[in-house]
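Heads up: the structure comes next, in structure tokens.
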Amino acid sequence: VMSGKGGVGKSTVSSNLAVALSSAGYQTGLMDIDITGPNIPKMFRIEDEKLTVEDGKLMPVLVPPSLKVMSMAFLLPDKDSAIMWRGPVKMGAVKQFIEDVNWGDLDYLIIDMPPGTGDEAMSIVQLIPKADGVVIVTTPQDVALLDSRKSITFAAQVKIPIIGLVENMSGFVCPHCGKTTDIFKCGGGEDTAKALYVQFLGRVPIEPEV
């Protein structure tokens, strides 16, 4: 799950995809490889969990019924610690998340990517060259759409199938009157998907509870 821009909702989409698959009975893994800004544990309120080691392998944190979560956040001394790593060290961490974590037998592995097409994205392409596909997340603003086009181009260049594009934060439904307000505009994601011949997967509104 990727995008060219931060703050568009990759972690939200990743979390909900993982929960949906797990709830449907699939053995699911959720790997947060946003090395410098990991926030998947916060989504599940498991940020205080500590990793354990069994038979030389890191054990991911289990979220019932069948979701296994791995994130850099579990390895930090505290929530405010900053990670200042260059590319090769980041790639080493991503490699460790794949090879040194006891994922068990998974039906699905959802990977929450950091923004952009840099070190972590290139690492995943090299380490998992036959990934089933990528979901692009965008918001309706022009800047976000511009960056989402770059993610689509990236996926095409590295020959990873594009599952489709999600337009997040697409409208806000007032809880009092029921009227929808397009705070960040609406429809840009669908237009971008059509222009680049990518499947449009749907819109997700702004939800205050989320």
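The values are calculated or read from the model by the stated rules, or taken from the named source; none is laboratory data. Since we're looking at a predicted model, the values are computed, not measured. Heads up, the Cβs are rebuilt from the backbone with ideal geometry, glycines too, and the neighbour counts pull from every protein chain shown. Quick note on the areas: whole protein, heavy atoms, side chains included, nothing else; ligands and nucleic acids left out. Shrake-Rupley method; radii C 1.70, N 1.55, O 1.52, S 1.80 Å.
What the table shows:
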read-out	value
Subset of the range 99-145 that is outside any helix (DSSP H, G or I), of a type in the set (G, A, S) and within 15 Å of K5 (Cα to Cα) - its residue that is nearest to the chain's Cα centre (by Cα)	G116
Only listed residue being open to solvent by 50 Å² or more (accessible area, probe 1.4 Å) and under 23 Å from A18 (Cβ atoms), chosen from Y108, Y197	Y108
The lone exception for K150 - which of (1) open to solvent by 80 Å² or more (accessible area, probe 1.4 Å); (2) more than 27 Å from M122 (Cα to Cα) it fails	(2)
Residue satisfying condition, being exposed (fewer than 13 other Cβ atoms within 10 Å of the Cβ) and either touching a strand residue (DSSP E or B) at 6+ places or on another chain (Cβ under 6 Å) or among the β-branched types (V, I, T) (or both), within set G178, G133, G171	G133
Single residue of M31, M43 found to be open to solvent by 80 Å² or more (accessible area, probe 1.4 Å), under 19 Å from K10 (Cβ atoms) and hydrophobic (A, V, I, L, M, F, W, C)	M43
Any hit, the range 106-114, residues being at pLDDT below 80 and under 17 Å from V158 (Cβ atoms)	no
Test result for G171, assigned to a loop (DSSP other than H, G, I, E, B), more than 18 Å from the chain's Cα centre (by Cα) and either over 18 Å from T12 (Cα atoms) or small (G, A, S) (or both)	no
Filtered residues of the range 87-127 (kept if among the β-branched types (V, I, T) and more than 16 Å from T28 (Cβ to Cβ))	V89, V94, T117, I124, V125
